[in-house]
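The structure appears right after this line, and notes come after that.
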Amino acid sequence: MSNEVKILVGTMTGTAELVADEIVDVLEDKGADVEVLLMDNLKPDALTTGPLYIICTSTYGQGDIPDNAQDFYEALEAAAPDLSGLHYGVFALGDRTYMQTFCFGGKKFDELFAKLGAKRLGDRREHDASSGELPEDVAAEWAEEWYEGSLAAA
């Protein structure tokens, strides 16, 4: 499996982008070639087989995908490309005080990628903002385990 990793970021306040930057540091230390892609202007054809993908997204409002990722999500849903050769992981940000919609941004992307044939590697990690743990610390630990597990799955 490739050592190339692309992190797709959906964010409203910049927290998911900070988390992605922490993941970059961890994965580059592991020898990965990492690129962060904000979802603002992404099109479905940006997804290619080869690299590993990480979806790093927050949840906004009533369980919505962040504004910067909304168009990409809808375009993926409409185009329904075959993602059967794609491998990905999910780091979702949410707040359990909103239990009904906790981490829905990440869950929605996870479900869509799976529906389009992509294979998730490892468990989806859901960070709880009300836990007191810094999301970037949790992400760093998760990313290291996820990447090593992804390479082992190859």
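Laboratory data are not the source of any read-out in this text; all were calculated from the coordinates shown. The shown structure was predicted, so the numbers you read here are calculated from the model rather than taken from an experiment. So basically every Cβ, Gly included, is an ideal-geometry build from the backbone, and we count neighbours across all protein chains shown.
The slack between residue 100 and residue 120, meaning 0.36 nm per residue of separation minus the straight C-alpha distance, is 4.8 nm. Model label points for residue 145 and residue 111, set 7 angstrom from Cα along the Cα-to-Cβ axis, are 2.5 nm apart. Of all beta bridges that DSSP places with both ends in the chain, some 5 percent have antiparallel geometry. Calculated on C-alpha atoms, the gyration radius of the range 39-124 divided by its Kirkwood radius gives an Rg/Rh of 0.96.
Which of 6/30; 30/107; 30/119; 43/108 have a Cα-Cα distance over 19 Å? Long pairs (Cα-Cα over 19 Å): 30/107; 30/119. Where in the range 4-18 does the amide nitrogen come within less than 20 Å of the point 7 Å from the Cα of residue 40, taken along Cα to Cβ? The answer is 6-18. The residues 72, 91, when put in order of fewest to most other Cβ atoms within 10 Å, stand as 72, 91. In terms of its Cα atoms, the chain spans 38, 36, 23 Å along the principal axes, sorted from long to short. For a paramagnetic label modelled on residue 130 (point 7 Å from Cα along Cα→Cβ), amide N atoms under 15 Å away belong, within the range 70-108, to 94-104.
The order of 39, 12, going from fewest to most other C-beta atoms within 10 Å of their C-beta, is 12, 39.
Dipole check for the chain: with +1 at the C-beta of Lys and Arg, -1 at the C-beta of Asp and Glu, and the Cα centre as origin, the magnitude is about 660 Debye. Set the Förster radius R0 to 22 Å, insert the Cβ-Cβ distance between residue 15 and residue 62 as r into 1/(1 + (r/R0)^6), and round the FRET efficiency to 0.05. Computed FRET efficiency for residue 15 and residue 62: 0.75. Listing 103, 56 from fewest to most neighbouring C-beta atoms within 10 Å gives 103, 56. The distance between label points at residue 30 and residue 4 comes to 1.8 nm (points 7 Å beyond Cα on the Cα→Cβ vector).
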